[in-house]
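I have placed the structure first, in the form of structure tokens, so that the comments after it can refer back to it.
The values are calculated or read from the model by the stated rules, or taken from the named source; none is laboratory data. Just so we're clear, the structure is a prediction, and the values are computed from it rather than from any experiment. Glycine also receives a Cβ, built like all others from the backbone with ideal geometry; neighbour counts cover every protein chain displayed.
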Amino acid sequence: MIRRAGTGGSAAGGFGMNDPDLRKTGLAALPRGIWVLGFVSMAMDVSSEMIHALLPVYLVTVLGASTLAVGFIEGIAEATASMVKIVSGTLSDRLGTRKWLAAAGYGLAAITKPVFPLAPSIAWVTAARFVDRIGKGIRGAPRDALAADIAPPRMRGAAFGLRQALDTVGAFLGPFLAIAVMWASGGSYVTVFWVAVVPAFVAVGLMVFGVEDVPTRDGGDPADAANGGAVLGRTFWSVVAVAAIFGLARFSEAFLVLKAAAVGLPAMLVPLVLVVMNVVYAAASYPAGALSDRAGRTTLLLAGLAVLVAADLALAFADGLALAGLGIALWGLHMGLAQGVMTALVADAAPPSRRGTAFGIFNFVTGVAALAASLLAGGLWDAFGAQATFLVGAGFALLTAATTAMLQRTHDRNGETAKQR
């Protein structure tokens, strides 16, 4: 694991548009490209979360799906995205370019949005979600690698924190707009799904016209890029190992929605679950990323895991809206503390010309974990109830914390040994 940033590779040096103005500090010092990538993510998340906030309840109450089916749909969708990322990430390293792969992914996601309001059955929704996530997979690793190329090394945590914060603003604006449209339309799910089409195409326009590509300095050796996993190093694989276990603790937020509905939240207000979670998530993301540049990534990650355990316990024992709401807010806080930090750890550990491959591998592994987590969560919920789902999640969070601490101690001992030599 990596305790401090600033030495884990370089930004895309030699490209003037990425050179920070050292006279500026904080948000003002971050490059324009990071801001635009954040707004691209925000617009697409407004679209996706307008649909996602209502989709679990729509599937169960309108189309007659089981909670196990919800878990399967969500898990397979996210796993599909992650499997595609490993291909698109490696391809971006081979080509030495990131932007147009990312733009293609956003475009594919945009053109699938109209399928949701037109879908007559669970099979259609599953297919639409599947193709939408292929688009997410195509764009994910190249976009994250591009952000790492643009970001100054000394502000990498802050850069990923900002991008994640703007992404998450979209994630709570989406459910908020879903509530407003549900109210204005008299509870029409289909109307919400149609409105969600608009911001998806805004995201595509911003990506195409607002982001400049950053060619990798030594990308373009196909054989080397194809074997990128062999040169990524022990630190990178330690990050991946932690992320794999962490993924088992972080099942789909669909189960937060179902928990809130189970303790009495009216259907029209169900999107408030994601509003609350994502407001906290967005508020915490940039401060956590900036703090990780100074205090270290591992410290913030362990704090996020502790908060996740508290969230799971609150949700496991909640029998009313107050405790469930606390658990949902804590879930958002853990995401803010940990999500951007994990991404920054990958950027710190990977060589600049292999960042696409690194993010692809990272997202593939976490996607497989997401599938397993959502299937397990759905199965536990159907067999034993909500409490078992959240208690098992807390157990995986504790296991992740123990693994993180162990790997950090090993890293520190190896560092001390190297100094003595």
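Select from segment 361-390 the residues that are of a type in the set (F, W, Y), within 11 Å of F255 (Cβ to Cβ) and in contact with an Asp or Glu (Cβ under 9 Å, 6 or more places away or on another chain) and list them in ascending order.
The one that is of a type in the set (F, W, Y), within 11 Å of F255 (Cβ to Cβ) and in contact with an Asp or Glu (Cβ under 9 Å, 6 or more places away or on another chain): F390.
Scan (1) over 16 Å from A344 (Cα atoms); (2) modelled with pLDDT of 85 or more; (3) within 17 Å of the chain's Cα centre (by Cα) for the single condition V257 breaks and write down its number.
Every condition holds for V257 apart from (3).
Would you point out the residue of segment 167-206, among those that are farther than 22 Å from W35 by Cβ and hydroxyl-bearing (S, T, Y), that is modelled with the lowest pLDDT?
Per the stated criteria, the residue is Y189.
Go through segment 303-334 and give me each residue that's over 23 Å from the mean Cα position of the chain (by Cα), surrounded by fewer than 19 Cβ atoms within 10 Å (Cβ to Cβ) and in a helix (DSSP H, G or I).
Across segment 303-334, the qualifying residues are F317, L321, A322, L323.
Being in contact with a helix residue (DSSP H, G or I) (Cβ under 9 Å, 6 or more places away or on another chain), of a type in the set (A, V, I, L, M) and at pLDDT 90 or above is the requirement here; does V214 meet it? Steps first, answer last, please.
Working: in contact with a helix residue (DSSP H, G or I) (Cβ under 9 Å, 6 or more places away or on another chain): yes; of a type in the set (A, V, I, L, M): yes; at pLDDT 90 or above: no.
No, not satisfied.
Inspect all residues belonging to segment 271-292 and state whether any of them is over 15 Å from the mean Cα position of the chain (by Cα) and not in a helix (DSSP H, G or I).
Yes, segment 271-292 contains a residue that is over 15 Å from the mean Cα position of the chain (by Cα) and not in a helix (DSSP H, G or I).
What do you reckon, is G105 modelled with pLDDT of 90 or more and in contact with a helix residue (DSSP H, G or I) (Cβ under 9 Å, 6 or more places away or on another chain)?
In short, yes.
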